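Read the structure below first, then the notes.
The values are calculated or read from the model by the stated rules, or taken from the named source; none is laboratory data. Every value quoted in this text rests on a predicted model; they were computed, and no experiment measured them. All Cβ positions, glycine included, derive from the backbone under ideal geometry; neighbour counts span all protein chains shown. With ligands, DNA and RNA removed, areas are computed over all heavy atoms of the protein, side chains included. Shrake-Rupley method; radii C 1.70, N 1.55, O 1.52, S 1.80 Å.
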Amino acid sequence: MKKLLVIACTFLLSASTIAQVRTGGDPKLSEIYDPAPAIVAPGKTNAEPPSDAIVLFDGKSFSNWVGTNGKPVEWTLGDGAMTVKRGTGLITTKESFGDCQLHIEWRTPAEVKGDGQGRGNSGIFLMGRYELQVLDSYNNKTYSNGQAGSIYKQLVPLVNASRGPGEWQVYDVIFTAPRFSENGILQSQARITVFHNGVLVQNNASIWGGTEYIGIANYKSHGPKEPISLQDHGDPVSYRNIWIRPL
Ligand code: MG
């Protein structure tokens, strides 16, 4: 009964607030002062990490990363970037992340070798499972849900915004982790928004499940935060300036 009364009062109050605003009442009734958004100092450019970002790679060390099976990273470090060393395996962040904003810059080899999936292939595995494809997709035909900006074997990018081989490219990602119930049932799918070189290529798209090379993707329950991995697909793809804002 008390609950009903509270609901009724809330309804009447909001109705009267709307009425007052519509009829030129107190404008303060529709102004929110508390909470005020936290202050974040942006970078000098939009590529630089803002003050509340965690810098995952600043070009100087692998200190925030581990190699395959927890071994030290064996990729090449130099010129402010890290580069896949074929056969050394994927690398993984030491820290785990769920919902986040991720900035990551990547470059496929200037010297073009191979074609399709064999040309400048790597990938960003959000939560270690959901691959945002990295590929040299500049004049390089492959399946649409496997090109740069795709969620591999799932979501086709809205457009192909690729720069040429050897040029630095950027992904700015907004990722919402999937939610699972306590007994591991999927409650909501992961969602992803991706800007490729400033161009929207995934618009709050729902991910089907963990990335599979063969067969249909599906969800397997996991923690609310998981490490991010970068793929060794055998091609010397480079990465630099990686930062993340947990949301
Ligand atoms: Mg890949």
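General observations
- Angle between the chain longest axis and helix 2-22 axis [Cα atoms, degrees, rounded to 10]: 90
- Of all lysines in the structure, the ones whose alpha carbon falls short of 27 Å from that of Lys44, not counting any fewer than 8 places away in one chain, are Lys60.
- Among Pro42, Phe57, Ile32 the positive-end extreme of the charge dipole of the stretch 27-68 (Cβ point charges): Phe57
- Net +/- balance of residues flanking Val112 in space, Cβ distance below 10 Å, scoring K and R +1, D and E -1: -1
- Label-point separation in nm, Glu182 to Ser144, each point 7 Å along Cα→Cβ: 4.4
- Full-extension gain in nm, Ser51 to Lys85, via 0.36 nm per residue minus C-alpha separation: 9.1 nm
- The helix-based estimate of mean residue ellipticity at 222 nm for the chain, built from -39,500 (n - 2.57) per DSSP H run of four or more residues and divided by its residue count, is -3000 deg cm²/dmol to the nearest 500.
- Coil-residue trypsin sites (Lys or Arg not before Pro) of the stretch 155-247, DSSP, other Cβ within 10 Å capped at 16: Lys220, Lys225
- The stretch 210-224 versus the stretch 117-186: alpha-carbon centroid distance in Å: 15
- Phi to ³J(HN,Hα) by Karplus 6.51 cos²θ - 1.76 cosθ + 1.60 over the stretch 34-44, Hz, x for Gly, Pro: 9, x, 9, x, 4, 8, 10, 7, x, x, 5
- Residue-span extension gain [Tyr213 to Lys71] - 0.36 nm each, minus C-alpha spacing: 48.6 nm
- Here the accessible area of the stretch 37-246 is 51 percent carbon and sulfur, with a 1.4 angstrom probe and all protein chains present.
- Rounded to the nearest 20, the Cβ-based charge dipole of the chain about its Cα centre (Lys and Arg +1, Asp and Glu -1) stands at 440 debye.
- Label zone of Lys60 (point 7 Å out along Cα→Cβ, amide N under 19 Å): in the stretch 224-246 this covers 239-244.
- Solvent-accessible heavy-atom area per residue, rounded to whole Å², over the stretch 49-165 at 1.4 Å: 43
- The alpha-carbon of Lys141 sits under 23 angstrom from the alpha-carbons of these lysines, leaving out residues fewer than 8 places away in its chain: Lys113, Lys153.
- For the stretch 56-70, 3J(HN,Hα) computed residue by residue from phi via the Karplus equation (6.51, -1.76, 1.60; θ = phi - 60°) reads 8, 7, 10, x, 9, 7, 9, 4, 9, 10, 10, x, 4, 6, x Hz, glycine and proline entered as x.
- The phi torsions of the stretch 188-197, fed into the Karplus equation with coefficients 6.51, -1.76 and 1.60 and a -60° offset, translate into couplings of 8, 5, 5, 10, 9, 10, 9, 9, 10, 6 Hz, rounded to whole numbers, with Gly and Pro shown as x.
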